Amino acid sequence: MNGSKKITQRAVLTTIGAFLITTGAASPIVLSVFFPAVAGEMNFSQSAISLHVSIFTILGLITQPIGGRLFDKFRNRIKLLAVLGTVIALISFFLFSRCTRIYHFYLVSAFMSLTLPVVSSLLGVYIVTAWFDKKRSFAISFVMIGSSAGTVIYANIARYFIDNYDWRAGYISVGISLAIIMVIGIFLLSPPPDLLGLKPYGSGQLEDAPAKELSGISYKDALRTKAFWLCAIGTLFGMIYVVGISQALTPLLQSDYQLTAAKSTAILSVYSITIAVVKPLIGLIIEKLGTRKAILFTGILLTISLAVISVSKNVPLAIAFIVCLGCSNMLCTVILSTYVADTFGRKDYGSIMGSINIASMLGTSLAPLASGYIYDICGSYRPTFLLFTALSILAMNMYLLAGGKAKARKKAAGCQI
């Protein structure tokens, strides 16, 4: 097999493997499927049982950057780290099935948070970023569909076993299913190409090309740049509205648009499906127009959609813009991952992305608090969506400004990432 074919084959298989691993990113959502059954049998309050998912998420503020650093430091052991994360996830789901006290769930959630760097999108995006120069954005967008696929797969497995057996069987079945899918994904992965004497897909060089030091700036240098902090702040603002939209859209449709629960849920499903379908298209837009133009395109469409949903009283118009919202709500997912790679390079991508994910996890935690607080004061979710509109504008401008600062810095240094 010649060099170019070997690179293409390994890049494609690695992308499929990363997609399968990223299905694990659905874990926090799937855990919520167990709430009613566990709370009903064990006489826990909904707030008490839901707290264990919050613990899992909040501890990600610690485990995500550590995991990213480990990916950079042990690049030649990336598959071993993935196996370790898979084993911990399997053990965690088994331990959930044995819990008898509420604090047991809290302790298991803390243990399971060690898997976040692997079962989130961080590992999948990290490895495909290393394997692609050309078509990188499309590869990242394809990998990120894994989280949506995981929600469908694992939530339905959990629902089936809860309904036909009990919640304990549900935890075990999800854990085994997750482990099987992730092991297949790990098998398909290849280490970063430079460790194999290869070049990334689209680099124009074959396997016998001499290996060079990875391009980009170091993690320590990145922390000293304004671009890093602008990107992190933009991600914080962005994740507040990304998570907030998912949580507040159904209540908005029911309370302010007077739709039934069934219709509201159906519209939320259309919104979620639209996001999954459009992700690869956003990757192609980035390839064709560049990251900055993609940010402008999606950011402007997102802002208009949120503004219309916030003030409109016309149901068909609101539904149309909810679909537009699904088409444009990619700033903190596909576009962010591509932007970080373009701005800082591959050298310490895992460490940099892991640290930016601190802002992502923080925004995820603040979103429900912001939505609930505003609703309690105003008695409506429309002001919440006006807040989301403002945050979308801020996030878009933070990313654009971060790119401008990075471009100026590279030009001054006379280098290219």
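What follows draws every value from the coordinates through simple rules; no lab data is involved. Predicted model, so just to flag it, every value in this text is computed and none were measured. Here Cβ is always computed from backbone atoms with ideal geometry, including for glycine, and neighbour counts include all displayed protein chains.
Worth a mention:
- Net charge of Cβ neighbours under 11 Å - reference residue 138; Lys, Arg +1; Asp, Glu -1: +4
- Size check on segment 219-411: the Cα extents along the three principal axes, sorted descending, read 53, 35, 22 Å.
- Helix-derived mean residue ellipticity, 222 nm - over the chain, DSSP H n ≥ 4, -39500 (n - 2.57), to 500: -26500 deg cm²/dmol
- Cut-off 19 Å (backbone N to label point 7 Å along Cα→Cβ of residue 401), residues of segment 300-335: 300, 303, 331-332
- Burial ranking of peptide ranges 19-28, 262-271 (average Cβ count within 10 Å, highest at the top): 19-28, 262-271
- Most to least packed among 187-198, 93-104 [average Cβ atoms within 10 Å]: 187-198, 93-104
- Each Cα pair under 8 Å and six or more residues apart adds its sequence gap; the mean of these over the residue count of the chain is a relative contact order of 26 percent.
- In the set [x] 1.77; [y] 1.65; [z] 0.98, the label that goes with Cα Rg over 2.2 N^0.38 Å computed for this structure is [z].
- Mean-position separation - Cα centroids, segment 124-141 and segment 317-350, in angstrom: 14 Å
- Too-long pairs where the Cα-Cα distance tops 28 Å, listed order kept, from 220/288; 135/293; 279/347: 220/288
- Label-point separation, residue 293 to residue 16 (7 Å along Cα→Cβ), nm: 3.3 nm
- Note on segment 3-194: Cα-only Rg and Dmax are 17.1, 61 Å.
- Label point 7 Å beyond Cα of residue 101 along Cβ direction - residues of segment 32-47 with amide nitrogen under 20 Å: 38-47
- Axial C-alpha extent at least 15 Å, average Kyte-Doolittle at least 1.0 - helices from the chain (DSSP): 46-58, 78-97, 102-112, 121-131, 167-188, 226-255, 261-289, 291-311, 315-328
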